[in-house]
Amino acid sequence: MFLHRQVIDVGIFAKLFGTKERRLQEQKYKIGMAKTRGGSLSNLKAALYGAKAIDDALFDRLEEIFIMADLGVDTVVKFTAALRAEVKKRAITVPRELENIIVDKMFELYLQGQIVDANIPYVEGGLTVILVVGVNGTGKTTSIGKLAYRIKAEGKKVMLAAADTFRAGAIEQLKIWGVRVGCPVVAKNEGADPSAVVFDAIRLAKAEAYDVLLVDTAGRLQNKVNLMKELEKIDRTIRRELPSVPIVTYLVIDATTGQNGLSQAKLFNEAAKVTGIILTKLDGTAKGGIVLAIRDELGIPISFVGLGEKLTDLEQFDVEGYIYGLFADFFD
Amino acid sequence: MAFENLTSKLQMTFRRITGKAQLNGSDIDEMMKDVRLSLLEADVNYKVVKDFTDEVKELAMGEKILKGLNPGQQVVKIVNDELVKLMGGETALVNFTSNRPYTVIMMVGLQGAGKTTTAGKLAWFLRKNHAKKPLLVAADIYRPAAIEQLRTVGAKLEIPVFDKGIDIDPRDIVKLALKRAESDGNDLVVIDTAGRLHINETLMDELVDIKKIAKPEEILLTVDAMTGQDAVNVATAFHAALGVTGCILTKLDGDTRGGAALSIRKVTGVPIKFSGTGEKLTDIEVFHPERMATRILGMGDVLSLIEKATEEIDEHEAMSMMEKMMSGKFNFVDLLKQMKMIKRMGAFSGILKMLPGMGAIADSPKIDDKQIVYIEAIIHSMTEAERKNPELLERSSSRRNRVASGSGRSTTEVNRLIGMLDKQRQMMKRMSQMNPETAEKAQSGMLPGLGGPIKQTPGKGKGKGGFRI
């Protein structure tokens, strides 16, 4: 269900969102992102329906709308260029016909001709380690709580490792999530070596045949060399303990993040190969468009989105739902 | 990355519109395109960028181009000045009351902006700089362990923390906290509220109630400096509900350009009062509009060059140095002065970086600021007589050895320095006898002389020709 086919044919727009079932499916995203109605992309409809012709003024307006969604200057420039080319190719003159093209091109931008699988790549019959990284305040610990809940619901044995030994209260916070979800938390004291916590946790998880170990790390700004080295060390520790299995690393990005998200993705990916992104706080007015720029420039896909405060408010990323959210005003 | 492209593009624009006395419409338009792009890349809100560039355009029209600047630089200067003006302005940092025993500061913001940490930092700052006796209040009952976090922060800073656990309404916590402040003689109360989305009406109502109860002198909105276009929505919503009195920009120690600062100020008019600049609990600063402007504009290199070129080099000093060089009597005392002038302008590699087209060279390991330190050490190990009369050293190897051991450098390096000075003197002598055009050419030859100790290749010396002092 979450394997996305490559979308190329015209009119997919109507097919995707035409049915009532589809609409229900998107309801969750709508709740999350529909509050953005007053915001930037709601103007898309107005722009397309209000324009008399497809001209520079309309493209300027589109650029504005995309930039307001934090898609990023470079990606927007590239994206509108692709739109212009398509308009020329198909000899379209009516602005409203751009609807389909915008949605199609957005799909293309995200899918990049690949099949994007948002499922967690579990290690069959062994321990899967999920390392959760990101800058300060993006919601790593909360996302881990939600992930643990989700994975546990799949019938797996889950353990948490409190490798954020820096921030005051971080260990406590994870322990509270552990109690809520009902899974053990491996922790040392504040100030302990995070790699040592991870080492102990892996040993314990293996000995007690856990399926999944979720590792919470301290928030770090990606330009702090020492902290990134610390992260590399954590990554190395995991790889040394589990040499032949892939490590799942999720980068948590706050939907309100602007262009800096690109730098975050780039530098975290260098320190610990990032498998996917968890886009948090999408229930606000921010669109989180920077993840499209990250996908466009670095190829990193989005795996989950955080849509609220409840344990259940973590959804597997669904590109259709997300793009629906971006363009929700088309469907009113 | 994008920024480098921008800088080089800017230089192209500079070149195109050089040599005019006044700014005209098309120059400004040309420059404004770059400025606009730069601001957008810094996450300044799209609409703010538009308004701002329109305003600056008006201002720049017909503006006289300052001596020593080209039109492009002049535009950048105007833009920067406006940014500083817009984000700065006179505002009291914190309004302390005298109507009741304590001043109340309420910290509000989205989740993860850094309220709890900043509450601690701010209490520390005001205790240190305003001799306040703060009380931190834990009114975040929602986020797991938020209270523990504030307690830990308080313990580290030795600031008392008032909390009542999580089974109590935040409104009641605040009421009790104010009583406690009064009985304990705390003249500053900093309330850490829970992070919330600005569209969460229930939680926003809670803040409105807390405001009614605490009647805070300051309501400070904590904003993550990495925030993108949404910063405007967030700030507007919080301001509309609460009447925010100031902003604190956090995580400025990251590599974000921080355009949110401009957006918020321009749209809500709320001043930015503090910035969070690091992981330590003492990493808080009064907001610096100048630094922020440079950072947002992303043209720091051009700006520093403008500033430094117009201010730092004392023209008289430079002129007398020039005369001295031309006379061929240039000695080590003068060389030392020359070094100091260069140093005053900033790190050597940094200066190179500021010069158009020199960025790449400056990054190469060959340019070493240490070399300047070494040269200074060698000169400092010379006697007064030797400095004024380099021939003394040229004639005596024992003098050279003494200088070498005195400065901790090798004799070869001392020899090289002497040779360099000699070459420079000859070059200068020749130049003074030439006509201006040939002199211009000869300059490129002058610097390879200096190239010995600085280890520059002759080709690279050219850029440095800018510093003909």
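Using 10 Å bins from zero, what percent of all Cα-Cα pairs in region A:128-316 falls into each bin?
10, 40, 38, 11, 0
In region A:166-183, which residues give up 20 Å² or more of accessible area once the other protein chains are added, compared with their chain alone (1.4 Å probe)?
A:Phe166, A:Arg167, A:Ala168, A:Gly169, A:Glu172, A:Gln173, A:Ile176, A:Arg180
Order these peptides, B:204-210, A:141-147, by their mean beta-carbon neighbour count within 10 angstrom, highest first.
Numbers: B:204-210: 17.9, A:141-147: 26.1.
For the peptides B:204-210, A:141-147, the packing ranking is A:141-147, B:204-210.
Name the shape class, rounded, prolate or oblate, that the alpha-carbon gyration tensor gives for region A:226-332, where a ≥ b ≥ c are the square roots of its eigenvalues, rounded holds for a/c under 1.5, and otherwise prolate holds if a/b is larger than b/c and oblate otherwise. Write down the numbers at each step before the final one.
Working: a/c = 2.28, a/b = 1.90, b/c = 1.20.
The shape class here is prolate.
I'd like the carbon and sulfur percentage of the solvent accessible area for region A:128-316, probe radius 1.4 Å, heavy atoms only, ligands and nucleic acids excluded. Display every interim value, and only then the final one.
Numbers: 3100 of 5980 Å².
About 52 percent, which is the carbon plus sulfur part of the accessible surface.
Which value, in Å³ per residue, describes the convex hull spanned by the Cα atoms of chain A?
Convex hull of Cα atoms, per residue: 127 Å³.
Averaged per residue, what accessible area in Å² does region A:128-316 show with a 1.4 Å probe, protein chains only?
Per residue, region A:128-316 has an accessible area of 32 Å².
How large is the dipole of region A:128-316 about the Cα centre if only Lys and Arg carry +1 and Asp and Glu carry -1, each at its Cβ, rounded to the nearest 20 debye?
Numbers: 25 positive and 21 negative charges, 41 e Å.
Value, rounded to 20: 200 debye.
Looking only at other chains, what is the average number of their beta-carbon atoms within 10 angstrom of each beta-carbon in B:166-179?
Taking the mean over all residues of the peptide, I get 0.
Quick one, what does Rg over Rh come out to for region B:103-286 if you take C-alpha atoms and the Kirkwood Rh?
Rg/Rh for region B:103-286 comes to 0.94.
Can you tell me the order of A:193-204, B:410-421 when each peptide is scored by its average per-residue count of other Cβ atoms within 10 angstrom, highest first?
Result, highest mean Cβ count within 10 Å first: A:193-204, B:410-421.
Quick check: Cα centre of region A:49-96 to Cα centre of region B:36-60, how many Å?
Measuring centre to centre over Cα atoms gives 21 Å.
If you average the sequence gap of Cα pairs under 8 Å that are 6 or more apart and divide by the length of region A:176-301, what percent do you get for the contact order?
Contact order relative to length: 20 percent.
Could you work out the mean count of beta carbons from other protein chains within 10 Å of each residue's beta carbon in A:67-75?
Working: counts 8, 8, 3, 5, 2, 5, 9, 4, 0.
The mean count of partner-chain Cβ atoms within 10 Å per residue comes to 5.
Against the longest alpha carbon principal axis of chain A, how many degrees, from 0 to 90 and to the nearest 10, is the axis of helix A:140-153 turned?
With rounding to tens, the tilt is 80 degrees.
With 27 Å as the limit, write out which pairs from B:Lys133/B:Lys273; A:Lys152/A:Lys281; A:Lys287/B:Lys50; A:Lys281/B:Lys128; B:Lys47/B:Lys121; A:Lys152/A:Lys188 have Cα-Cα distances beyond it, or answer none.
A:Lys281/B:Lys128; B:Lys47/B:Lys121, as the Cα separations exceed 27 Å there.
Per-residue mean of other chain beta-carbon atoms within 10 angstrom of the beta-carbon, peptide A:249-259?
Per residue, the number of nearby Cβ atoms from other chains is 6 on average.
For the peptides A:256-269, B:223-236, B:171-184, what is the packing order when you average, over each peptide's residues, the other Cβ atoms within 10 Å and list the highest mean first?
Taking the mean over residues of other Cβ atoms within 10 Å, the ranking is B:223-236, A:256-269, B:171-184.
Ignoring ligands, DNA and RNA, how much accessible area is buried between chains B and A, both sides summed, with a 1.4 Å probe, to the nearest 100 Å²? Numbers along the way, then the final one.
Working: alone 21860 and 14190 Å², together 32670 Å².
Result for this pair: about 3400 Å² buried.
The values are calculated or read from the model by the stated rules, or taken from the named source; none is laboratory data. Source: prediction; values computed, not measured. Here Cβ is always computed from backbone atoms with ideal geometry, including for glycine, and neighbour counts include all displayed protein chains. Ligands, DNA and RNA are excluded from the accessible area calculation, which covers all protein heavy atoms including side chains. Shrake-Rupley method; radii C 1.70, N 1.55, O 1.52, S 1.80 Å.
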